[in-house]
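Here's the structure, in structure tokens; my notes come after.
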Amino acid sequence: MAQSANLGFPRLGLKREWKKASEDYWKKKISLDELVQMANELTMRHWQLQMDAGIDYIPCNDFAFYDLMLDTAVLVGAVPERYGDFSTGEIDIDTYFAMARGRQDETTDVIAMEMTKWFDTNYHYIVPEFTRDMQFRLASNHPFNAVIRAREAGVKNPRPVLIGPATFLLLGKAVEENVDFSALLDSLIDVYAEVLNKFGEMGVDWVQMDEPVLVYDLDDEEKQLFEKAYAKLKNGANRPRMMIATYFGSIAHNVELAVSLGEGLHVDLVRAPEQLDTVLDHLADEQVLSLGLVDGRNVWRNNMDNSLVHLKHAAEVVGAERVQVAPSCSLLHSPIDLKEEKKLHPMVKQWMAFGKQKLREVHVLKETLNGQVLHVQQDLVEMRTALAMREASPLVHKPDVQNRLKALTEDMARRSTPFTDRHKKQQAKLSLPMLPTTTIGSFPQTREIRRLRSDLRKGNISTEEYEKKLEEAIIETIRYQEEIGLDVLVHGEFERNDMVEYFGQQLDGYIFTQNGWVQSYGSRGVKPPIIFGDVARKGPMSVRWSKFAKDQTDKPMKGMLTGPVTMLQWSFVRDDQPRHITAEQLALVIRDEVVDLERAGIDVIQIDEPAIREGLPLRKQDWNAYFEWAIRCFRIAASGVQDETQIHTHMCYSEFNDMMEAIAAMDADVISIEASRSRMELLDVFDQSDFVYPNDIGPGVYDIHSPRVPSQDEIAGLLKVALKHVPVERLWVNPDCGLKTRGWEETRPSLENMVAAAKQVRNEV
Ligand code: GLN
Ligand code: ZN
């Protein structure tokens, strides 16, 4: 008989209880005991939920106080020196949180460890730091306690989750020169062996080793690291069996390595169904195969009949007793319970499944495969009906939208004139000085501004009152920008709660949840909007405020929109059509908005694409295919306008050095791009290759993520660095990103210094 398994459960809690508890603890509002009590409550609740769902292999040690990579660093004693000497003894919770968040009080000021995105998800992990003579040691009992507590909760066979040694090492970073990873590995593996041995003594049957780096391209050295690690682990006499868990892509290119590591292998058949046969071909005798068939990263019901085809095929080849049914990856990336959504469109809701519902799907798949159809008949009927309705629903399929897509021509993805000609016409219209100054769009979202929006939402104030107050804020911001001498002004984006939600709420094809939280990092959750159907605009979305702003000033006013790739990237998207089709629909919607803005007299329009890099496929061989549609979508959005209209774009959140050519191909007239944190390293690409960025560019000259006020000298210095790489006629002056998270106290002097620096450098060149 086949079995069912889960790989991990969301940690924040249905009502984000963990967010509240950990933030209260940081603010010293609750004690450590109270914090631990909340952790226990949540894990108990989640174990119960998984037992109720009938899951055979239930994970433990998947709950982390902040992050599982950080837990692993603590487990093996990898505490960077700046947090104190932890070569022996216990690593206390405050040190753990200091590693995640930094520590600043009267006596200490230590920075946090780096945080970065977990593969192509929106989850961020803490990056382990490695030094030359690092010695690992078993420094925590957390995993063992997790097993004990899971058993106490009634979980018969808890399967502890560990980040595997190869993933831990390869996703970490060396913080000094000449760090020898293979030497580190020797010491690290001893600790892992000790952990496995302890599990063995505790009678643990299976352990889940997460080795998602197996979906990446691995070079020989990295493969050897794997081989060496697991050869040693496998020798452990008393260890549990190892389920090697991979997800977010195919492992077909590393299949021989992947099947050699443990007694079980989990593969993601949602992202990469095509790998199944390769994996089946290579599986060792008696090796268990866990099939990730239920999407752990999206919100749609499973297509059971599709899944059953894979399941039955696998069961025929290796025998049902060697098959496990599971979500594609940890449910960490999925909201918890759809039942709690009281306001969703009732029809659309029937097409969806959150964490709890996904576990039911896993169970139903298992029962069906095992011939226990009678137990789950009702589910199968519901599922098939829902799927049929979704496939035929006019809420999803809109002929108008589809006809427009069919009518798309290559001309629509191209400005009619090359940049240099457009630029002349734009300059004639805008008469900008050399080194023009601008901002990225948002101005500080003060408490008053946020209260204004929430008062409107709750009905505490009328629409007229709201609009009047907003107009006042806009006028004030415009007067301020005029006063300090900025060249291209913005209205401040005060009407926007979030750059995706604001537009999504005005579009057909989008819905929003009340509790659909997923962890982004630590205590922070995001509630991504959901694209369920063909996307269409109901009417202009931003024209009202941009036009109002434009009418208040003689200076150029920039209109701000969120680009199609970012709209896609930061939403849950449809799984019934390829991502690039949804992106094209979004591109047409933004295009219409751009044209409407132009008609309303806005002659500078910025289409933000901060998330463009996040969409990059995990393997380099797939990058070009992505660029092709992503760039095309941007261009569709940008190309409906006259030559005289200046299109800007903005990017942040990442390194762009390896994709500058793709960015150039977007052909925006002006790009503002994050650069100041790396002190303009971004521009080194211009030095190191023959590559010349063809259009106007504003590498950010100050970091808005910090309250620090940069001096005029500092900014002037950065501008001069930039001028070594960018001709003066091409260079813009702007901050790294929008100012919405900043206060006015630091925004004012920073912008004033920025404008002064631009003037200074103008005079000097
Ligand atoms: N226009 C947006 C703003 O200024 C851009 C935000 C972003 O890049 N994330 O807030
Ligand atoms: Zn930004």
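Annotations
- Residue selected from region 430-446 under the condition more than 18 Å from Asn753 (Cα to Cα) and more than 25 Å from the chain's Cα centre (by Cα), by the criterion farthest from ligand 2 (Cβ to nearest atom): Ser431
- Subset tally (residues that are within 28 Å of the chain's Cα centre (by Cα), of a type in the set (D, E, K, R) and away from ligand 2 (no atom under 16 Å from the Cβ)) for region 713-751: 0
- Every pair of residues 6+ apart whose Cβ atoms lie under 6 Å, when the first sits in region 14-33 and is at negative phi while the second is β-branched (Val, Ile, Thr) and surrounded by 15 or more Cβ atoms within 10 Å (Cβ to Cβ): Leu14/Ile336; Asp24/Ile30
- Residue list for region 135-148, filter: buried (at least 20 other Cβ atoms within 10 Å of the Cβ) and closer than 25 Å to Glu177 by Cα: Phe136
- Residues that are within 23 Å of the chain's Cα centre (by Cα), buried (at least 21 other Cβ atoms within 10 Å of the Cβ) and within 30 Å of Arg151 (Cα to Cα) do not occur anywhere in region 250-264.
- Within region 84-99, tally of residues that are buried (at least 18 other Cβ atoms within 10 Å of the Cβ) and either basic (Lys, Arg) or within 29 Å of His333 (Cβ to Cβ) (or both): 5
- Scan of region 406-423 for residues that are surrounded by 13 or more Cβ atoms within 10 Å (Cβ to Cβ) and in a helix (DSSP H, G or I), ordered by number: Met412, Ala413, Phe419, Arg422, His423
- Search result, residues across region 648-680 that are under 24 Å from the mean Cα position of the chain (by Cα), closer than 23 Å to Ser750 by Cβ and away from ligand 2 (no atom under 14 Å from the Cβ): Ser678
- Failed criterion for Glu391 (all others in (1) surrounded by fewer than 22 Cβ atoms within 10 Å (Cβ to Cβ); (2) closer than 30 Å to Ala245 by Cβ; (3) of a type in the set (Asp, Glu) hold): (2)
- Per the listing Tyr466, Tyr521, the residue uniquely at pLDDT below 95 and more than 24 Å from Met352 (Cβ to Cβ) is Tyr521.
- Val488 vs. criteria touching a residue at least 24 places away in the same chain (Cβ under 8 Å), among the hydrophobic types (A, V, I, L, M, F, W, C) and within 16 Å of ligand 1 (Cβ to nearest atom): yes
- Beta carbons closer than 8 Å, at least 6 apart along the sequence or on distinct chains, pair a first residue in region 599-626 that is of a type in the set (Lys, Arg) with a second that is modelled with pLDDT of 95 or more and part of a loop (DSSP other than H, G, I, E, B) for Arg619/Tyr216; Arg619/Asp217; Arg619/Gly249; Lys620/Asp217.
- The requirement of being hydrophobic (A, V, I, L, M, F, W, C), out of contact with any strand residue (DSSP E or B) (no Cβ under 7 Å at 6 or more places or on another chain), buried (at least 18 other Cβ atoms within 10 Å of the Cβ) and closer than 28 Å to Leu616 by Cβ is fulfilled nowhere in region 195-212; no residue meets it.
- Counting the residues of region 528-577 that are surrounded by fewer than 22 Cβ atoms within 10 Å (Cβ to Cβ), in contact with a strand residue (DSSP E or B) (Cβ under 7 Å, 6 or more places away or on another chain), among the charged types (D, E, K, R) and not in a strand (DSSP E or B) gives 3.
- Residue in region 482-494 that is under 27 Å from Thr438 (Cβ atoms), in contact with a Leu (Cβ under 6 Å, 6 or more places away or on another chain) and among the acidic types (Asp, Glu) present: yes
- When Leu138 is tested against (1) touching a helix residue (DSSP H, G or I) at 6+ places or on another chain (Cβ under 7 Å); (2) within 29 Å of Asp220 (Cβ to Cβ), just one condition goes unmet, and that condition is (2).
- Number of residues in region 694-712 that are more than 26 Å from the chain's Cα centre (by Cα) and in contact (Cβ under 8 Å) with a residue 60 or more places away in the chain equals 3.
- Filter result (farther than 28 Å from Gly249 by Cβ, within 16 Å of ligand 1 (Cβ to nearest atom) and in contact with a Ser or Thr (Cβ under 9 Å, 6 or more places away or on another chain)) within region 621-655: Ala638, Ile647, His648, Thr649, His650
- Residue ID - farthest from Leu359 (Cα to Cα), chosen from residues in region 293-337 that are among the aliphatic types (A, V, I, L, M) and not in a helix (DSSP H, G or I): Val323
- In region 430-457, the residues that are touching a strand residue (DSSP E or B) at 6+ places or on another chain (Cβ under 8 Å) and assigned to a helix (DSSP H, G or I): Leu430
- Residues located in region 157-194, provided they are surrounded by fewer than 17 Cβ atoms within 10 Å (Cβ to Cβ), over 26 Å from the mean Cα position of the chain (by Cα) and of a type outside the set (Gly, Ala, Ser): Asn157, Glu176, Glu177, Asn178, Asp180, Phe181, Asp186, Asp190, Glu194
- Single residue of region 157-210 satisfying the filter (assigned to a loop (DSSP other than H, G, I, E, B) and among the acidic types (Asp, Glu)) that is farthest from Glu81 (Cα to Cα): Asp205
- A search for C-beta distances below 6 Å between a residue of region 252-272 that is modelled with pLDDT of 95 or more and any residue that is acidic (Asp, Glu) and surrounded by 24 or more Cβ atoms within 10 Å (Cβ to Cβ), counting only pairs 6+ apart in sequence or on different chains, returns Val270/Asp295.
- Residues (among the small types (Gly, Ala, Ser) and touching a Pro at 6+ places or on another chain (Cβ under 8 Å)) located in region 717-752: Ala722, Gly743, Ser750
- All positions within region 485-502 that are over 19 Å from the mean Cα position of the chain (by Cα) and either closer than 25 Å to Leu588 by Cβ or of a type in the set (A, V, I, L, M) (or both): Leu486, Val488, Leu489, Val490, His491, Glu493, Glu495, Arg496
- The lone exception for Val709 - which of (1) farther than 26 Å from Ser689 by Cβ; (2) surrounded by fewer than 19 Cβ atoms within 10 Å (Cβ to Cβ); (3) at pLDDT 95 or above; (4) of a type in the set (Val, Ile, Thr) it fails: (3)
- Pairs meeting the criteria (first residue in region 659-676 and surrounded by fewer than 19 Cβ atoms within 10 Å (Cβ to Cβ), second residue among the charged types (D, E, K, R) and assigned to a helix (DSSP H, G or I), beta carbons under 9 Å, at least 6 apart or on different chains) are Ala665/Arg635.
- Of the residues examined, Arg591 is not one that is away from ligand 1 (no atom under 15 Å from the Cβ), assigned to a loop (DSSP other than H, G, I, E, B), crowded, with 19+ Cβ neighbours inside 10 Å and at negative phi.
- Within region 277-292, the residues that satisfy the criterion of being within 31 Å of the chain's Cα centre (by Cα), in contact (Cβ under 8 Å) with a residue 12 or more places away in the chain and assigned to a helix (DSSP H, G or I) are Thr278, Val279.
The values are calculated or read from the model by the stated rules, or taken from the named source; none is laboratory data. Remember, it's a predicted structure, so these values are computed and weren't measured experimentally. Cβ coordinates were reconstructed from backbone atoms using ideal geometry, including for glycine residues, and neighbour counts include every protein chain displayed.
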